[in-house]
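The structure appears below as structure tokens.
Since every read-out is calculated from the coordinates, none of them should be taken as a lab result. Predicted model only: the values in this text are computed from it and were never measured. Backbone-built Cβ (ideal geometry, glycine too); neighbour counts: all protein chains shown.
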Amino acid sequence: MLLALAAAALVPTATKAQTTYVVDQTLGTGTVVGTIITNGTLGVLSQSDIIGGSVTITATGPSESYTASLPASIYQFSGGDLTATGASLLFNFSGSDAGGIAIGSIPLDFFWNIGTAGFSYGTGPYPGENIYPQGNSTPVLSGDVVIASATPEPGGMVLFATGLLGIAFLLRRTLAL
């Protein structure tokens, strides 16, 4: 037993793994659906922590749709209001740093905006969560709001299942004696 503990202590710790978050937002009559992939950082995120994913932004009146590839389609990222936990991405709509994120296309003038009361770019401001220019939006938001949920990591699920099998084997062996 001591040998196993000593061997485990010598194994280097794994580097943080990327995390995939699923976006499924309804904003008025519009939707934002897709994934945001981070480098695994937990806590306050910066633009460089978003390393991949894509979101499809759909609005009505007139009906339009745009698929944004991340991180290339991040037009504006400011402040420290986006945070990551193991379970979700949250945005602090009560932040006082005029922070926000705009994901979309300049030529199409089509964006998913998430911002505090002071978030502004171009012809802004764009507080709350909305799809521009259609005006599909949520009511004024405050506090930390989940904007995406993490998907379970397959490696973690396999490790958990292996642990359960090991415990079952040990129980069976103990009861057989």
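Worth a mention:
- Pair Leu175, Thr60: separation of 7 Å Cα→Cβ label points (nm): 5.6
- Spin-label model, Thr83 to Asn39: label points 7 Å out along the Cα-to-beta-carbon direction sit 2.1 nm apart.
- Simple spin-label estimate for Thr20 and Ser96 in nanometres, 7 Å along Cα-Cβ: 4.0
- Ser48-Leu165 FRET efficiency (beta carbon distance; Förster radius 45 Å; 0.05 resolution): 0.70
- Packing-based exposure ordering (other Cβ within 10 Å, fewest first) of Phe110, Phe169, Phe119: Phe169, Phe110, Phe119
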